[in-house]
Amino acid sequence: MGHAHEPGERLPLGGIKRVTNNYGTDSAPGHIEFRGLEYHANDEVHPASYVMAGSAQQGWKISRNGSEHLTLGPGYRLLRTHRCGVCSTDLDRRFLPFPLPQIIGHELIALDTDGKRHVVEINASHAARGLDDECPFCRSGLTTHCPERRVLGIHDLPGGFGPWVLAPENGTIPVPNALPDDVAVLVEPFAAALHAAEQVTPMPGETVAVLGPRRLGLLVVAALAARRRRDGNTYRILALSRRPGLRELALTFGADQAAPPPARVSDFSPMADIVIDTTGSPTGLELSIRLARREVHLKSTHGQPAAGLAHTTELVVDEITLGAWPDRETDTATLLAEAPCQAGDLPRVAWLVGDEPPPGLAERAELHVGRDAAALLSKLETTPGRLPRADIAVVEDAAGVDAALRPRAGEEIALVRPRGRICLYGRSGDDGPLLGAIRNRGLELSASRCGDFRRALTLLECDSELASRLPSLVTHRMPAGQLSQALDLARSPDCIKIVLDHPGS
Ligand SMILES: [Zn+2]
Ligand SMILES: [Zn+2]
């Protein structure tokens, strides 16, 4: 293609052309040029030239290989990348519905002008940019679900495998001096792991199994153990891995027992009350369904259909719970009482089922009846005042679940609100192992994605056992210029976590 005329082309990879005005954080604009490695849809890595110009107050313009690439509003802060971890989402990035090529990488430590370290909340929502008032999702506390968010290193925003990032101002959190780099670089995935550990509700004496304890799964084991220490709970932690080395690590991270998952499971054969699936594979989910007595918590986004659903990744992205519509009146009352709407509002129920809603439901819920999820969504979008989504969607088959998750082709919008619930109605249907387990034995599938960085940092600061364990996850370290090799290595069984270092940062 010959880009020899471009200003950034002569720069070495990761090199900087020019920085002005204190990273653009004061009223005078900043300007920086660099070359970074982009990830492409064919799973290859190639360099590209970037220019970032602007300021936190006025917004930023990003150009790529000499052409306009992205215009960002205010609330972004320019930071220099210091370290960035490779995670499974990076390896599966081509399956996610966001434009490529992109500079990816979202588990980063970044430096400000004074060289102070920060971790970065990757969801650039209105709230994270300091613009909460503009958005009903951010106002409702659903900041990681803001429909207008960009996500650093995943959706639009250049990520931490490049030498510079534009980070949402309120999502840029200083790292306490006591935490070494090898702990700080794990704050993003640890926050996600802690969120999962705090979402499930094991009773005293129950067993929580973590299936596939590796990059993320070992952090989930550590988070379950830290939560148990903090809250004085008495649940048991079981790590299920085929690999002896990972079983051993899981025990040092706080599991009470580590075992290989059963080699052949054709039907329900419970090993735990709750199974947290961190495998990131469709077969892992199917195994979890068979091993879990009452709940599977899904904790990975592989972007592929699984367990009879097209949109399993979207369940995780939106943190939706999938369960049965209750048979008994008392259970219906509990379900409605626990609906995730604002206090004082009637729960908003989208009834997408052929049968009539049960008598009395219309008095206890804001009921919207129809067979077309897209039409119901349009109706809710034009109803002012509330979050334009249903709190609960009731469906009767796998197609209904998929329609409630993504009613409009090509749009990443659900009918049901983030952290809402989809209920499966009816006891008959031949629609795969997941829906079968929900119908026949009341299994629930919950899911979670990103966590709260400040909660994670607080726990890491006060639990020295936890903080001292985490660095053993970092098995490899490479310069950021070797991204392609790092992604290959991250796919090999010997590697748990690779951290890329930005030289000179
Ligand atoms: Zn990640
Ligand atoms: Zn928002």
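The values are calculated or read from the model by the stated rules, or taken from the named source; none is laboratory data. What you are looking at is a predicted structure, and each value in this text was computed from that prediction instead of being measured. Cβ coordinates were reconstructed from backbone atoms using ideal geometry, including for glycine residues, and neighbour counts include every protein chain displayed. We work out accessible area using only protein heavy atoms, side chains counted, and drop any ligands, DNA or RNA first. Shrake-Rupley method; radii C 1.70, N 1.55, O 1.52, S 1.80 Å.
Looking at A456, A414, A480, which is the one that is closer than 17 Å to V187 by Cβ, crowded, with 23+ Cβ neighbours inside 10 Å and of a type outside the set (F, W, Y)?
Details: A414 fails: closer than 17 Å to V187 by Cβ; A480 fails: closer than 17 Å to V187 by Cβ.
Every option except A456 fails the conditions.
In the list R328, R264, R294, which residue meets the criterion of being under 14 Å from T207 (Cα atoms) and open to solvent by 60 Å² or more (accessible area, probe 1.4 Å)? Step through it out loud before you land on a result.
On the way: R328 fails: under 14 Å from T207 (Cα atoms); R264 fails: under 14 Å from T207 (Cα atoms).
Testing whether each residue is under 14 Å from T207 (Cα atoms) and open to solvent by 60 Å² or more (accessible area, probe 1.4 Å) leaves just R294.
Might you check whether a residue that is surrounded by 24 or more Cβ atoms within 10 Å (Cβ to Cβ), in contact (Cβ under 8 Å) with a residue 60 or more places away in the chain and not aliphatic (A, V, I, L, M) occurs anywhere in region 189-200?
yes
Collect the residues in region 97-110 that are in contact (Cβ under 8 Å) with a residue 60 or more places away in the chain and open to solvent by 20 Å² or more (accessible area, probe 1.4 Å), keeping them in residue-number order.
Taking region 97-110 and keeping what is in contact (Cβ under 8 Å) with a residue 60 or more places away in the chain, we get 97, 100-110.
Within region 97-110, P97, L100, P101 qualify.
I need the full set of residues from region 103-126 which are β-branched (V, I, T) and within 16 Å of ligand 2 (Cβ to nearest atom), in order please.
Start the filter on region 103-126 by keeping residues that are β-branched (V, I, T), which leaves 103-104, 109, 113, 119-120, 122.
If the condition is that a residue be β-branched (V, I, T) and within 16 Å of ligand 2 (Cβ to nearest atom), then I122 is the only one that fits.
Restricting attention to region 66-112, which residues are away from ligand 1 (no atom under 16 Å from the Cβ) and polar (S, T, N, Q)?
Within region 66-112, S67, T71 qualify.
Go over the candidates R139, R35 one by one and state the one that is more than 16 Å from ligand 1 (Cβ to nearest atom), under 14 Å from G160 (Cα atoms), open to solvent by 30 Å² or more (accessible area, probe 1.4 Å) and modelled with pLDDT under 95.
Values: R139 fails: under 14 Å from G160 (Cα atoms).
From the options R139, R35, the qualifying one is R35.
Of all residues in region 169-212, count the ones that are within 14 Å of the chain's Cα centre (by Cα), more than 23 Å from L473 (Cα to Cα) and among the aliphatic types (A, V, I, L, M).
Qualifying residue count, region 169-212: 0.
Looking at (1) assigned to a strand (DSSP E or B); (2) within 16 Å of ligand 2 (Cβ to nearest atom), can you tell me which one P74 breaks?
Exception for P74: condition (1).
Within region 430-505, considering only helices (runs of 4 or more DSSP H) that don't extend past its boundaries, which have at least 2 residues that are closer than 30 Å to R290 by Cα and touching a strand residue (DSSP E or B) at 6+ places or on another chain (Cβ under 7 Å)? First the steps, then the outcome.
Details: elements: 432-441, 453-462, 464-469, 483-490.
In region 430-505, 432-441 are the helices (runs of 4 or more DSSP H) which contain 2 or more residues that are closer than 30 Å to R290 by Cα and touching a strand residue (DSSP E or B) at 6+ places or on another chain (Cβ under 7 Å).
Checking the condition among the aliphatic types (A, V, I, L, M), more than 16 Å from ligand 2 (Cβ to nearest atom) and at pLDDT 95 or above, which residue from A56, A48 passes? I'd like the intermediate steps shown before the answer.
Working: A56 fails: at pLDDT 95 or above.
None of the other options fit; the residue is A48.
Output yes when any residue across region 127-137 is in contact with a strand residue (DSSP E or B) (Cβ under 9 Å, 6 or more places away or on another chain), among the charged types (D, E, K, R), more than 15 Å from ligand 2 (Cβ to nearest atom) and in contact (Cβ under 8 Å) with a residue 12 or more places away in the chain, and no when none is.
First pass over region 127-137, keeping only residues in contact with a strand residue (DSSP E or B) (Cβ under 9 Å, 6 or more places away or on another chain): 127-130, 137.
Next, from what is left, pick out any that are among the charged types (D, E, K, R): 129.
The next check asks that each one be more than 15 Å from ligand 2 (Cβ to nearest atom); those that pass are none.
No, that holds for no residue.
Please name all residue pairs, on different chains or six or more residues apart, with Cβ atoms under 6 Å, provided the first residue is in region 245-268 and is closer than 24 Å to A225 by Cβ and the second residue is part of a helix (DSSP H, G or I) and open to solvent by 40 Å² or more (accessible area, probe 1.4 Å).
F253/R469; A258/R247; A258/L251
Scan (1) surrounded by fewer than 22 Cβ atoms within 10 Å (Cβ to Cβ); (2) within 16 Å of ligand 1 (Cβ to nearest atom) for the single condition P147 breaks and write down its number.
It is condition (2) that P147 fails.
Go through region 327-382 residue by residue and tally those that are of a type outside the set (D, E) and not in a loop (DSSP other than H, G, I, E, B). First the steps, then the outcome.
First, pick out the residues of region 327-382 that are of a type outside the set (D, E): 328, 330, 332-337, 339-344, 346-354, 357-362, 364-365, 367-371, 373-380, 382.
Checking the rest, the ones that are also not in a loop (DSSP other than H, G, I, E, B) come to 330, 332-337, 348-351, 361-362, 364, 367-369, 373-380.
Total meeting the criteria: 25.
Among (1) among the small types (G, A, S); (2) open to solvent by 10 Å² or more (accessible area, probe 1.4 Å); (3) at pLDDT below 95, there is one condition S67 misses while meeting the rest; what is its number?
For S67, the failing item is (3).
Just name the residue that is farthest from ligand 2 (Cβ to nearest atom) out of those in region 142-153 that are at pLDDT 95 or above and of a type outside the set (D, E, K, R).
G153
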